[in-house]
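Here's the structure, in structure tokens; my notes come after.
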Amino acid sequence: MSFVTCDLCDENPLDVRVCEPMFMNFGGVNAFGGEIVTVKCHEDNSRVKELLAMPGNGRVLVVDGGGSMRCALMGDLIGESAVKHGWSGVIIYGCVRDVDALAELNLGIQALASIPLKSVRKGIGETDVPVTFAGVTFMPGDYVYADNNGVIVSTKALL
């Protein structure tokens, strides 16, 4: 998948919603996109792990972790599972860990920051619900595109 979000914005000015700048690239793929699957969880990555162990079919998991900086919602093992199951990428409104290993994966990963502490799994979290952060609402079934310039969302596929 080759694109630049700047070009997608220029070519589709009425179709894109642009996230406020706050994310950093942590994956081995800098530009990624696809249909959105959502999960809302706070300091519990149970649902993240479950979803990324299911067939991704080129989709992107958007994780609303409430912006928590207290623990990571994804690390190398969950990242490897996402690659194995065909996910295009993961966008996390929260933290990741194992950043050197994540950078080696054939997966797009954007998150707020890194922290070495893992989350506690309690099996809590909602999936396939609208999530809002960075000034944008991410709807399941919409499309997201991310690169070094930023993250954009559209109700339709732009590629």
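The values are calculated or read from the model by the stated rules, or taken from the named source; none is laboratory data. If you're wondering where the values come from, they're calculated on a predicted model, not measured in any experiment. Quick reminder, even Gly has a Cβ in these numbers, built from the backbone with ideal geometry, and neighbours come from all protein chains shown. Side chains are part of the model used for accessible areas, which takes the heavy atoms of the whole protein and leaves out ligands, DNA and RNA. Shrake-Rupley method; radii C 1.70, N 1.55, O 1.52, S 1.80 Å.
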Result: in the range 48-159 the number of Lys pairs with C-alpha under 23 Å apart, spaced 8 or more or on different chains, is 4
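Just the number, please: carbon plus sulfur as a percent of the accessible area of the chain, 1.4 Å probe, no ligands or DNA/RNA counted.
Working: 3780 of 7360 Å².
Percent of accessible area from carbon and sulfur atoms in the chain: 51.
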Report relative contact order for the range 1-140 in percent, whole number only (criteria: Cα-Cα under 8 Å, sequence separation at least 6).
-> 33
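For the chain, count the residues as N, evaluate 2.2 N^0.38 Å, and divide the Cα radius of gyration by that value, please.
Taking the Cα Rg and dividing by 2.2 N^0.38 Å, one obtains 0.93.
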By average C-beta atoms within 10 angstrom, highest first, the peptides 145-151, 33-39, 120-126, 82-88 | 33-39, 145-151, 82-88, 120-126
Putting +1 on Lys and Arg Cβ atoms and -1 on Asp and Glu Cβ atoms, find which of Pro21, Ala157, Ala101 reaches farthest to the positive end of the dipole of the range 13-159.
-> Ala101
Rounded accessible area per residue of the range 36-108, 1.4 Å, Å² = 38
Relative contact order of the range 64-151: what whole-number percent is it, with Cα pairs under 8 angstrom and at least 6 residues apart?
-> 28
Calculate how many DSSP beta bridges within the chain are antiparallel, expressed in % of all such bridges and rounded to the nearest 5.
-> 50
